[in-house]
1. Do we find that residue 311 is part of a helix (DSSP H, G or I), touching a helix residue (DSSP H, G or I) at 6+ places or on another chain (Cβ under 8 Å) and within 30 Å of residue 349 (Cβ to Cβ) in this structure?
2. Go through the range 119-137 and give me each residue that's in contact with a helix residue (DSSP H, G or I) (Cβ under 8 Å, 6 or more places away or on another chain) and either at negative phi or surrounded by fewer than 22 Cβ atoms within 10 Å (Cβ to Cβ) (or both).
3. Considering only residues that are under 21 Å from residue 307 (Cα atoms) and part of a loop (DSSP other than H, G, I, E, B), which ones fall in the range 321-342?
4. Can you tell which of 49, 97 is touching a strand residue (DSSP E or B) at 6+ places or on another chain (Cβ under 8 Å), away from the ligand (no atom under 12 Å from the Cβ) and farther than 28 Å from residue 27 by Cα?
5. Can you tell me which residue within the range 119-144, out of those that are touching a residue at least 12 places away in the same chain (Cβ under 8 Å), more than 18 Å from the chain's Cα centre (by Cα) and not in a loop (DSSP other than H, G, I, E, B), is farthest from the ligand (Cβ to nearest atom)?
6. Which of the residues that make up the range 343-362 are within 16 Å of the ligand (Cβ to nearest atom) and part of a helix (DSSP H, G or I)?
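Every number in this text was worked out from the coordinates using simple rules, so none of it is lab data. As the structure is a computational prediction, the values presented were derived from the model and not from experiment. Because the Cβ atoms are built from the backbone with ideal geometry, glycine has one as well, and the counts that use them run over all protein chains shown.
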Ligand SMILES: *Cc1c(COP(=O)(O)O)cnc(C)c1O
């Protein structure tokens, strides 16, 4: 069996986790700050806040930016459902911006048009969540400039993109956004089993996210109402969620982060190999945005929609566990119940009808990749 993605766990990773089990702190110890330091080093951002999932990171990023009842969040329909769900978790409304068919990312031109229409109608979004689909950064310079023009805050959902670069900087540097969120689910680039984090260059946003990931509690007298009763004293000054990451997870993350560059280099080498080996088959390979180093979480091919199911079934039957990313979020029953319908975002729907994610992970061997290509050729013959 060749899965579409999988984690890489070394003896060093195992030792790092076992060391934590033998230590004083299973939670709220030194490993989480070390992991955050590694994230700052890898992204160039000044602050990182580790939490128990990317969903949690996106949720408290929205809360820290003030999203609440009566607010509005826009994102891409071509994402995992969590990206949109966090809008509703904050009590806000959600809408979508259609994708660019070449890069599968939010279309900057669709965004421009939608922002102008929303401005006319007096219904601008408060927050835009931009997804870096497959690990390739969206066109952040254009999107960031549009967001600034219309006073919209920007969160990057970089669940696929740690280790990637956009122009001069690593993804997570937040040159064109307020906050950037990562996932460390085992299928992503580096893992903490479950886990997520946000990076930002805004100290106040970081402090707010740190409070929200705990219980809205502070020990800083400057933030308290009245005087502290003594050294034990804390005050709850807002509503928090207990989204903390454990020391076990953070230790695994620190060990994994040491291999981030190697992982992304291997994923890119495999992607270039796919580009070459698939060039004669009747399929569309993923498009590239210039000035971007993709982290290549996913390699998505597009085939004739009439044959997509047959190709998928052929590959699965051959032990190659292909997948599909993503079913457009707005077509899910939950979102249909909130007013969306098929046809609302035609580019995302056309992409979905043709898409298949083929195996790509750092420990995939050239020989395994050759087997994937040979089986694809048979499926498409
Ligand atoms: C995986 C993923 C998430 C959710 O990540 P969790 O860490 O599982 O909460 C959100 N957005 C995208 C684009 C993802 O791929």
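1. In short, yes.
2. 119, 124, 125, 127, 128, 129, 130, 131
3. 322, 324, 325, 326, 327, 328, 342
4. 97
5. That would be 119.
6. 348, 351, 352
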